[in-house]
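To keep things clear, I will list the structure first and then write my remarks on it.
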Amino acid sequence: MKRVDLLSLDAAQMEGLVRDLGWPRYRAAQLLQWIYQKRVRDFSGMTNLGKTDRERLERHAVIHRMDWTRHLTSSDGTEKFLFRLSDGQEIESVLIPGDEAGDPSADRRLTLCLSTQVGCTLDCRFCLTGTMGLIRNLKAHEIVDQVLELQRAGRRMTNFVMMGMGEPLANYNEVVEAIGRLTAPRMLALSPRRITVSTSGLVPQIHRLGKSGLKMNLAVSLNATTDAVRDRIMPEVNRLYPIKALMAACRGYHSATRRKLFFEYVLLSGVNDSGDDARRLTGLLRGIPSKVNLIPFNEFPDSPFRRPDDGVVLKFQKILMEAGITTFIRKSRGSDILAACGQLRTEAKPGDAPIIPIKTQAVKI
Ligand code: SF4
């Protein structure tokens with residue numbers, strides 16, 4: 001008989017297992033507490049279960065936690081963890097101390113950047129993950145276990161961003177289930193305001209999320225103010241959902257949720273960092289309560305883009321601020337260990353064809 005992975009069960013399924021074992025209902029709450037709040041990795045630690053019950057549970061179930069196989073620490077304190085999944089695939093999670101320059105609360109902040117897919121279909125040209133193609137979606141429990149394992153290791157994270165490997169909204173159901181587990185009082189009980197989902201702009205899913213009732217933050221990785229530029233740097237997503245449709249979805253999301261939106265804007269030297277770009281951006285955001293994070297490009301080996309000079313970045317920020325838009329410049333973190341934004345990539349295992357093949361020809365900009 002195949003044993004069920006307790007970590008893969010949602011609350012209702014856990015109650016079903018407890019019922020099948022003929023146990024009282026409160027035992028499901030106890031198991032959830034052991035898994036999500038005490039973060040045990042085996043049954044011997046479940047001390048409020050008798051020995052016979054623990055042995056019985058062990059015959060029916062396992063707890064399949066992920067292990068990290070590599071841990072790198074950057075000179076600026078950023079940490080990168082390479083997690084091995086049960087099928088041998090690998091994902092990266094990044095812990096970032098502080099974050100936004102100029103944000104007074106940044107000192108106390110420890111942000112965990114979570115992966116939601118192994119690789120990504122979208123092939124944004126400034127992103128190393130995009131060069132992998134999509135190997136597979138993560139399950140909800142694999143997203144959540146990145147949090148549990150780092151909590152077990154004593155890291156006190158304050159913020160959680162789904163901005164690691166993958167496009168979260170392309171894995172919509174598992175991401176929504178993961179948010180449910182992260183915020184459920186009987187599970188991790190995190191405040192949804194501490195969780196941010198970052199999308200490259202999947203319009204139907206933004207509409208769906210707006211109607212979902214979930215209260216986490218939404219960040220949109222915009223990165224261009226004209227379709228001509230966005231087609232060059234985010235070709236897959238912009239051909240499907242050009243800027244006009246994306247901004248309409250953002251307006252709809254705000255109308256449905258009354259929540260402020262976050263916009264990420266990777267600044268690429270000579271591509272999208274001009275004064276005209278900044279002014280067009282203020283126009284696009286008009287009427288959407290928003291906060292902008294400017295991310296000066298983190299160069300990676302063979303990348304076709306360059307990072308703009310600091311003066312250009314500051315000028316861009318000034319134009320947005322003068323238009324009344326709260327704008328932070330994201331400090332580059334962990335670039336010496338390829339942990340910075342857009343620098344995450346693991347090697348696919350032999351024989352793993354990406355679901356969507358990656359382009360192999362040189363990228364022409
Ligand atoms: S930026 Fe995000 S959506 Fe684009 S390729 Fe990278 S991981 Fe995928």
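The values are calculated or read from the model by the stated rules, or taken from the named source; none is laboratory data. Everything numeric in this text was worked out from a predicted model, so none of it was measured. Note that we place each Cβ from the backbone using ideal geometry, even for glycine, and neighbour counts take in every protein chain shown. To get the accessible areas, we keep the full protein, side chains included, count just its heavy atoms, and leave off ligands, DNA and RNA. Shrake-Rupley method; radii C 1.70, N 1.55, O 1.52, S 1.80 Å.
Worth a mention:
- For segment 206-345: relative contact order, % (alpha-carbon pairs under 8 angstrom, 6 or more apart): 23 percent
- Unit charges at the beta carbon, dipole of the chain: most positive-side option, 303, 111, 32: 32
- Note on residue 12/residue 309: beta-carbon distance plugged into 1/(1 + (r/R0)^6) with R0 of 41 Å gives a FRET efficiency of 0.15.
- Built amide H within the under 5 Å cut-off of residue 4, gap 5+: 61, 62
- Gained length - residue 87 relative to residue 21, 0.36 nm times residue gap less alpha-carbon distance: 20.9 nm
- The chain - mean residue ellipticity at 222 nm from DSSP helices (-39,500 (n - 2.57) per run, n ≥ 4, rounded to 500): -9000 deg cm²/dmol
- Whole-Hz ³J(HN,Hα) from phi, Karplus 6.51 cos²θ - 1.76 cosθ + 1.60, for segment 212-218, glycine and proline x: 6, x, 5, 10, 6, 7, 10
- Charge dipole of the chain about the Cα centre (unit charges at C-beta), most positive-ward option of 172, 283, 23: 23
- Centroid-to-centroid separation of segment 168-191 and segment 208-257 [C-alpha atoms, Å]: 21 Å
- Using every pair of separate Cα atoms, the Kirkwood estimate puts the hydrodynamic radius of the chain at 21.5 angstrom.
- Under-5 Å amide H pairs with residue 329, H placed in peptide plane, nonlocal only: 101, 294
- In the structure shown, the pairs 139/211; 38/291; 80/315; 215/331; 139/215 are assessed against 24 Å; a Cα-Cα span above that value is assigned to 38/291; 80/315; 215/331.
- Rolling a 1.4 Å probe over the heavy atoms of the protein chains gives segment 1-89 an accessible area of 53 Å² per residue.
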